[in-house]
Ligand code: F6P
């Protein structure tokens, strides 16, 4: 069956490059003669049309997507609450029940005669996309996340921008840390994977990098700092991924998971700073980069990857493909079945040459 109309949505945490995907996909769809619509805030435009002046979806035209490729965020809005497969239903007795609202999405597409969906998101959104495809919707996924923790793609867009900004922050922290002979502990986003911490930590000259993949011993990190002091390098930079933990320790969680919402990580930076300050006696400060690494314009790498993903998603639909994700198999894009991606996570491999580079350069990983 030919395509006349498609919809695009963005789900989960935003990442620089989302707008570039939207632009390329819209222009490519228009070139095929298709109408293109953007759904508001993940699937909220479908569930709560009354909340939106435009009824929850916006017609994407050439004009609407002009001048957006370089903008961070998403013009469609996004949410990482209210997964449609595990939607929180608040009961009169105060409890919250999980319900599956995916049938409402299928009905919406049928009613609006929208033939296919391009779903741009991370593991959560791609798992939803896979479930919708299994129910018969034509879906192509586009991998997004600053965390770079999606499997079956060389990288996700958003990651390079996050690493570039985090590296610049580390460059800036070197000078102030050195001037005061301080210990600086920098906490980085990344959920359960250490990609942002590892790549920015090595590029930005960190002296210790603590990753979720390598539970750490703070005595080993403290020893590294003491050694630097002995060599006359009285300052140190320690990068800590938000999902890192001490050997036999717990994850540092800011807010526990709720129905339809994942747990929020954070706080490990301050814990590490306090412990290291005690062990080394050094004047110590903590910096949490947090959402700063998620904002701003995409780097040219991310922008180009995002534009290529958007156009490739439309090519997949035009070729009759569904239930696949566009992926970067450097130097080309390829398509992988969504079932190989849904519910999987890509951690930093312990034998990666990037990690080995850090070890070869004498960076401590606390192990
Ligand atoms: O997945 C991207 C990410 O930025 C993680 O690195 C971080 O743990 C999480 O999202 C934060 O999400 P929120 O937007 O709920 O603060």
Among residues of region 257-274 being within 13 Å of the ligand (Cβ to nearest atom) and in a loop (DSSP other than H, G, I, E, B), the residue nearest to residue 101 (Cα to Cα) is 260
When you check residue 333 against the structure, is it surrounded by 15 or more Cβ atoms within 10 Å (Cβ to Cβ) and in contact (Cβ under 8 Å) with a residue 60 or more places away in the chain, yes or no?
no
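Do we find a residue being part of a strand (DSSP E or B), over 18 Å from residue 174 (Cβ atoms) and either modelled with pLDDT of 95 or more or in contact with a helix residue (DSSP H, G or I) (Cβ under 7 Å, 6 or more places away or on another chain) (or both) anywhere in region 216-234?
Yes - at least one qualifying residue is present in region 216-234.
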Counting only residues in region 229-251 that are more than 15 Å from residue 214 (Cα to Cα) and crowded, with 19+ Cβ neighbours inside 10 Å, the one nearest to the ligand (Cβ to nearest atom) is identified as 237
Taking region 169-203 and keeping only residues that are within 15 Å of the chain's Cα centre (by Cα) and surrounded by fewer than 22 Cβ atoms within 10 Å (Cβ to Cβ), one is left with 192
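Mind checking which residues of region 84-112 are in a loop (DSSP other than H, G, I, E, B) and within 17 Å of residue 49 (Cα to Cα)?
Within region 84-112, 101, 112 meet the criteria.
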If we ask which residues in region 213-228 are over 20 Å from residue 200 (Cβ atoms) and either without any contact (Cβ under 8 Å) to a residue 40 or more places away in the chain or surrounded by fewer than 19 Cβ atoms within 10 Å (Cβ to Cβ) (or both), their number turns out to be 7
Counting only residues that are under 26 Å from residue 297 (Cα atoms) and either under 24 Å from the mean Cα position of the chain (by Cα) or not assigned by TED's automatic domain parsing to the domain that holds residue 312 (or both), region 58-82 contains a total of 16
Counting only residues in region 279-312 that are within 14 Å of the ligand (Cβ to nearest atom) and at positive phi, the one surrounded by the most Cβ atoms within 10 Å (Cβ to Cβ) is identified as 296
Restricting attention to region 318-330, the residues that are over 24 Å from residue 83 (Cβ atoms) and touching a residue at least 24 places away in the same chain (Cβ under 8 Å) number exactly 5
Log entry, pairs with first residue in region 190-209 being within 12 Å of residue 293 (Cβ to Cβ) and at pLDDT 95 or above, second being away from the ligand (no atom under 16 Å from the Cβ) and part of a loop (DSSP other than H, G, I, E, B), beta carbons closer than 9 Å, six or more apart or on different chains, reads 197/206; 200/206
Residue hits (region 341-362; under 18 Å from residue 133 (Cβ atoms) and either without any contact (Cβ under 8 Å) to a residue 60 or more places away in the chain or surrounded by 14 or more Cβ atoms within 10 Å (Cβ to Cβ) (or both)) are 341, 342, 344
Being within 16 Å of the ligand (Cβ to nearest atom) and under 30 Å from residue 149 (Cα atoms) narrows 39, 27, 18, 71 down to just 18
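The values are calculated or read from the model by the stated rules, or taken from the named source; none is laboratory data. Only a predicted model underlies this, so the values are computations on that prediction, with no experimental measurement involved. No Cβ is skipped: glycine too gets one built from the backbone with ideal geometry, and neighbour counts run over all protein chains shown.
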